[in-house]
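Colleague: Sharing a structure below in structure tokens format, with a few things to ask.
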Number of protein chains: 2
Amino acid sequence: MPKAVVFDAYGTLFDVQGLSQVCEDLFPSRGATLSELWRRKQLEYTWLLALMGQYQDFWTITRLALHHASGTLKLPLDAGQQERLMQGFLTLPAYPEVPVVLPRLSSRYPLAILSNGSEEMLGKVVQHNRLQNYFTHLLSAESTRTYKPSPKVYDLAIRAFFAVPEKIVFVSSNGWDVAGARAFGFKVAWCNRWSLAPETHTSEPDWTLESLEELESLPL
Amino acid sequence: MPKAVVFDAYGTLFDVQGLSQVCEDLFPSRGATLSELWRRKQLEYTWLLALMGQYQDFWTITRLALHHASGTLKLPLDAGQQERLMQGFLTLPAYPEVPVVLPRLSSRYPLAILSNGSEEMLGKVVQHNRLQNYFTHLLSAESTRTYKPSPKVYDLAIRAFFAVPEKIVFVSSNGWDVAGARAFGFKVAWCNRWSLAPETHTSEPDWTLESLEELESLPL
């Protein structure tokens, strides 16, 4: 029996494709392209800065990534548009099964979020979706001044639950995060929402799901 | 006057788009898509593994990235096809201006390559293009067991030339590498071959070029 079930946030609980609608409203027919590049650069900048031994908080990185994406696509943003897109990150919708699965799962295990998002960003998106009662911890990479997949970030869950890694079930839709968590020693469920090919740079996850609903019937 | 001019390899001296032709021969009309995803995953895996505190050599990473890309695009590769694509990395063509610029530049400054490529990969692609006489050093990330943009890799140039960072001119076409080298303290020339928007996660390069030919007239 696991000591806790720990979720990644963006793409796992909260629908990052929700951003493409905000982008689409501002730039008709370019929404998906802008939101996809924005998200990709956001991830890249976390990895690159961490590897450079430098740190910027996740809100700043999100803004820098947006600047790069709008520059690349030649879609200039005024201050109001930029703010509207940034706010989109604080009001991402949860995936439809999330409000169904979390109440049931939280009656069986302590639940937490472990995310690259800043404490403030996590708090806001959780509140926006009225999910705060289901989690015992919102663990942000912020306190480590680095980002997943650094072991320093996964270690936050170890310290929060006084557990060895194999007693934590970690759930993520992001293949790179699944790989990092697996290498760290967690039991890992990959919620492969987008039917992607597995990442090949580390061992495979313990379970592969199509939706978080399957978590309830796993032999955790 | 710089103590050395140090070049990135892939995308800077050697045309990684050369891979798309090999891919295109195997998978007509899918060559550019396959080679682009392959290259992107190759970079991602270097950053992710380094951040996870793990190491795989660059040849292995290149192969793992190819597996993922072919899986993602549902373009299965038999052993012979895989080998042909991997060999493509050892026989990438130099950009057209390279054999013109290097002889002139090497008469003024010591030149080196500093690359994520393994020693063997670098040696082969340099020999294939008959450029070995222009470089005093081929510096591979291999000995550091991590990858650019880690400062440990850029530091190889410091040790090779007994120089402070600001006495090294570093030349790269890869925005993420330009950012890492700039943060390390090198003087940096970004050869922006593809007219990309600048990366925004660190300060700007000292110079931005359209082709390596412009190096000759820079006030280095």
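The values are calculated or read from the model by the stated rules, or taken from the named source; none is laboratory data. These numbers come from a predicted model, not from an experiment. When we count neighbours, we look across all protein chains shown, and the Cβ atoms used for this are built from the backbone with ideal geometry, even at glycine.
Colleague: Quick check on my filter: what residues within region A:187-198 are in contact with an Asp or Glu (Cβ under 9 Å, 6 or more places away or on another chain) and either within 12 Å of chain B (Cβ to nearest Cβ) or surrounded by fewer than 24 Cβ atoms within 10 Å (Cβ to Cβ) (or both)?
Modeller: A:LYS187, A:ASN192, A:ARG193, A:SER195, A:PRO198
Rundown of residues vs (1) over 30 Å from A:GLN87 (Cβ atoms); (2) touching a Gly at 6+ places or on another chain (Cβ under 7 Å); (3) within 12 Å of chain B (Cβ to nearest Cβ); (4) not acidic (Asp, Glu), yes/no style:
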{"residue": "A:HIS137", "(1), (2), (3), (4)": "no, no, no, yes"}
{"residue": "A:VAL164", "(1), (2), (3), (4)": "yes, no, no, yes"}
{"residue": "A:LYS167", "(1), (2), (3), (4)": "yes, no, no, yes"}
{"residue": "A:TRP176", "(1), (2), (3), (4)": "no, no, yes, yes"}
{"residue": "A:ALA181", "(1), (2), (3), (4)": "no, no, yes, yes"}
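Colleague: Picking from B:VAL171, B:VAL188, which residue would you name as being in contact with a Lys or Arg (Cβ under 6 Å, 6 or more places away or on another chain) and hydrophobic (A, V, I, L, M, F, W, C)?
Modeller: Every option except B:VAL188 fails the conditions.
Colleague: If you don't mind, another one. Mind checking which residues of region A:106-140 are out of contact with any strand residue (DSSP E or B) (no Cβ under 7 Å at 6 or more places or on another chain) and in contact (Cβ under 8 Å) with a residue 60 or more places away in the chain?
Modeller: If the condition is that a residue be out of contact with any strand residue (DSSP E or B) (no Cβ under 7 Å at 6 or more places or on another chain) and in contact (Cβ under 8 Å) with a residue 60 or more places away in the chain, then A:ASN116, A:GLU120, A:MET121 are the ones that fit.
Colleague: Let me ask you something else. Just to check your reading of the model, which residue among B:GLY180, B:GLY123 is modelled with pLDDT of 95 or more, buried (at least 24 other Cβ atoms within 10 Å of the Cβ) and not in a strand (DSSP E or B)?
Modeller: Answer to the selection: B:GLY180.
Colleague: A further question follows. Out of the residues in region B:1-58 that are of a type in the set (S, T, N, Q) and assigned to a loop (DSSP other than H, G, I, E, B), state the one that is surrounded by the most Cβ atoms within 10 Å (Cβ to Cβ).
Modeller: The extreme case among them is B:THR12.
Colleague: Kindly indicate whether any position in region B:91-108 is within 14 Å of another protein chain (Cβ to nearest Cβ), outside any loop (DSSP other than H, G, I, E, B) and out of contact with any Lys or Arg (no Cβ under 9 Å at 6 or more places or on another chain).
Modeller: no
Colleague: Please go through region B:1-60 and give me each residue that is without any contact (Cβ under 8 Å) to a residue 24 or more places away in the chain, over 17 Å from the mean Cα position of the chain (by Cα) and either more than 14 Å from chain A (Cβ to nearest Cβ) or under 20 Å from B:ASN192 (Cα atoms) (or both), ordered by number.
Modeller: B:GLN21, B:GLU24, B:ASP25, B:PRO28, B:SER29, B:GLY31, B:ALA32
Colleague: Quick check: is even one residue across region B:62-84 within 14 Å of another protein chain (Cβ to nearest Cβ), surrounded by 23 or more Cβ atoms within 10 Å (Cβ to Cβ) and touching a residue at least 60 places away in the same chain (Cβ under 8 Å)?
Modeller: No: region B:62-84 contains no residue that is within 14 Å of another protein chain (Cβ to nearest Cβ), surrounded by 23 or more Cβ atoms within 10 Å (Cβ to Cβ) and touching a residue at least 60 places away in the same chain (Cβ under 8 Å).
Colleague: Being touching a Ser or Thr at 6+ places or on another chain (Cβ under 7 Å) and of a type outside the set (Ser, Thr, Tyr): is that true of B:PHE89 here?
Modeller: yes
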